[in-house]
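Worksheet: the structure to be examined is printed underneath.
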Amino acid sequence: MFDEIRFNTIERLPNYIFAEVNAIKMAARRNGEDIIDFSMGNPEGRTPQHIVDKLCESAQKDKTHGYSASAGIYKLRLAICNWYKRKYDVNLDPETEAVAVMGSKEGFVHLTQAVINPGDIAVVPDPAYPIHTQAFIIAGGNVAKMPLIYNEKYELDENKFFENLEQTIHASSPKPKYVVVNFPHNPTTVTVQKSFYERLVTMSKKERFYIISDIAYADLTFDGYKTPSIFEVAGAKDVAVECYTLSKSYNMAGWRVGFVCGNKRLCAALKKIKSWFDYGMFTPIQVGATVALDGDQQCVEDIRKIYEKRRNVLIEAFDAAGWSVIKPSASMFVWAKIPPQVGNLGSLEFSKQLLTKAQVAVSPGVGFGEGGNDYVRIALIENENRIRQAARGIKKYLKEF
């Protein structure tokens with residue numbers, strides 16, 4: 001009777017390709033198999049104790065149990081601005097240029113819903129973290145994909161990026177209003193230098209588009225690399241907002257807290273739509289996040305070192321197993337090209353075979369876009385012993401070819 005009723009937004013969303021691998025993984029676990037799971041970027045460590053303690057202290061106060069502030073309590077927005085000043089020597093106004101959000105993913109979605117008109121176009125590099133594409137579809141917009149070109153060290157090819165961006169802009173009708181960038185990049189781990197943002201800000205002012213920058217992995221860097229912020233570029237706040245999450249740097253994934261900063265017009269739009277959507281995060285979570293950003297940052301360094309050690313162990317162990325992968329200089333992932341002896345399988349079939357034959361779960365690169373089909377994403381969320389165990393299973397599997 002109701003079959004003729006269409007759900008247009010849902011129908012525009014693709015099938016979730018990771019669900020296929022997840023179904024195999026869960027079936028194997030139900031059968032008692034020990035699956036080593038690198039498939040999701042879900043930090044397994046606990047939140048640093050001083051942050052947890054502040055949450056608990058705040059939760060004991062009667063006044064913290066009512067509705068909170070949708071855009072974030074003032075002390076949290078001030079802590080966000082302090083974080084930028086300390087890390088990047090950037091000045092932000094906590095009243096007009098900083099919005100606390102229920103995780104950067106949710107913040108990204110709410111932002112697109114606030115600013116996208118039906119048919120608006122956003123440019124998103126391919127491959128991409130899925131919500132960077134699908135948020136615009138959910139909001140009624142469209143996406144123009146462009147290939148992300150990088151070298152063997154996973155450094156962005158700036159010249160190719162801007163050639164592709166210029167071609168994409170001029171080939172699109174209507175002209176794109178937004179460009180999404182995400183460095184260190186998920187899934188590829190690609191990094192950029194400040195010069196990239198200088199060129200991007202210049203182009204945005206020439207071509208009249210807004211920039212949405214996601215720096216979720218800003219703190220997880222290795223071998224001397226430091227993540228730049230777009231706001232280090234003069235005039236960037238005229239054209240850009242930047243998103244960040246406490247999920248990775250502070251092991252606070254389940255807390256769902258992040259922020260969006262920068263351009264006053266975009267921040268105001270986000271604040272307004274959030275005022276209709278929610279009453280803000282539970283106040284003790286915001287108090288804990290304030291302490292995380294303003295407090296001793298040794299915990300961030302400790303977490304960074306854990307990922308660095310796991311990265312080093314994985315590169316060495318997988319190489320000994322017959323799978324040579326490039327060492328990333330940032331993020332909590334390894335973007336691994338499928339071994340040549342099984343390169344014809346494609347990332348989805350390869351991921352399925354790793355699960356069934358090596359008991360190792362990874363994310364198929366094609367789930368992030370067509371440009372990822374020769375790769376899989378490996379999250380550094382298992383300890384060193386489990387990584388070595390995975391390598392033994394992979395070595396056994398690859399010997400079949």
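Quick look at the values:
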quantity	calculated
Top-ranked residue in the range 11-27 [being outside any loop (DSSP other than H, G, I, E, B) and in contact with a strand residue (DSSP E or B) (Cβ under 9 Å, 6 or more places away or on another chain); ranked as modelled with the lowest pLDDT]	Phe18
Of all residues making up the range 32-80, the number that are closer than 21 Å to Glu242 by Cα, of a type in the set (Ser, Thr, Tyr) and out of contact with any helix residue (DSSP H, G or I) (no Cβ under 8 Å at 6 or more places or on another chain)	1
Hits in the range 110-143 - residues which are open to solvent by less than 30 Å² (accessible area, probe 1.4 Å) and part of a helix (DSSP H, G or I)	Leu111, Thr112, Val115, Ile131, His132, Thr133, Ala135, Phe136, Ile137
Candidate set from the range 291-306 (those that are in a helix (DSSP H, G or I) and over 19 Å from Ala253 (Cβ atoms)); member that is most open to solvent (accessible area, probe 1.4 Å)	Gln298
Subset of the range 250-277 [out of contact with any Ser or Thr (no Cβ under 7 Å at 6 or more places or on another chain), open to solvent by less than 20 Å² (accessible area, probe 1.4 Å) and closer than 18 Å to Ile73 by Cα]	Val257, Phe259, Val260, Cys261, Gly262, Leu270
Sole exception among (1) at pLDDT 95 or above; (2) within 24 Å of Gln389 (Cβ to Cβ); (3) assigned to a helix (DSSP H, G or I); (4) of a type in the set (Val, Ile, Thr) for Thr356, by number	(1)
Some residue of the range 197-204 being part of a loop (DSSP other than H, G, I, E, B) and not β-branched (Val, Ile, Thr)	no
Filter pass, Lys309 being crowded, with 24+ Cβ neighbours inside 10 Å and farther than 15 Å from Thr245 by Cα	no
Total residues in the range 351-401, condition open to solvent by less than 40 Å² (accessible area, probe 1.4 Å), hydrophobic (A, V, I, L, M, F, W, C) and out of contact with any Phe, Trp or Tyr (no Cβ under 9 Å at 6 or more places or on another chain)	1
Any chance Val325 is in contact (Cβ under 8 Å) with a residue 12 or more places away in the chain and either in a loop (DSSP other than H, G, I, E, B) or farther than 23 Å from Asp214 by Cβ (or both)	yes
In the range 208-240, residue nearest to the chain's Cα centre (by Cα) [restricted to those that are part of a loop (DSSP other than H, G, I, E, B) and among the aromatic types (Phe, Trp, Tyr)]	Tyr217
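Residue by residue, here is whether (1) in a helix (DSSP H, G or I); (2) within 15 Å of Val124 (Cα to Cα); (3) at pLDDT 95 or above; (4) open to solvent by less than 70 Å² (accessible area, probe 1.4 Å) holds:
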residue: Glu163; (1), (2), (3), (4): yes, yes, yes, no
residue: Glu166; (1), (2), (3), (4): yes, yes, yes, no
residue: Ser173; (1), (2), (3), (4): no, no, no, no
residue: Pro176; (1), (2), (3), (4): no, yes, yes, yes
residue: Val179; (1), (2), (3), (4): no, yes, yes, yes
residue: His185; (1), (2), (3), (4): no, yes, yes, yes
residue: Thr188; (1), (2), (3), (4): no, yes, yes, yes
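The values are calculated or read from the model by the stated rules, or taken from the named source; none is laboratory data. Keep in mind that what you see is a predicted model, and the values were worked out from it rather than measured. Heads up, the Cβs are rebuilt from the backbone with ideal geometry, glycines too, and the neighbour counts pull from every protein chain shown. For accessibility, only protein heavy atoms count, side chains too; no ligands or nucleic acids. Shrake-Rupley method; radii C 1.70, N 1.55, O 1.52, S 1.80 Å.
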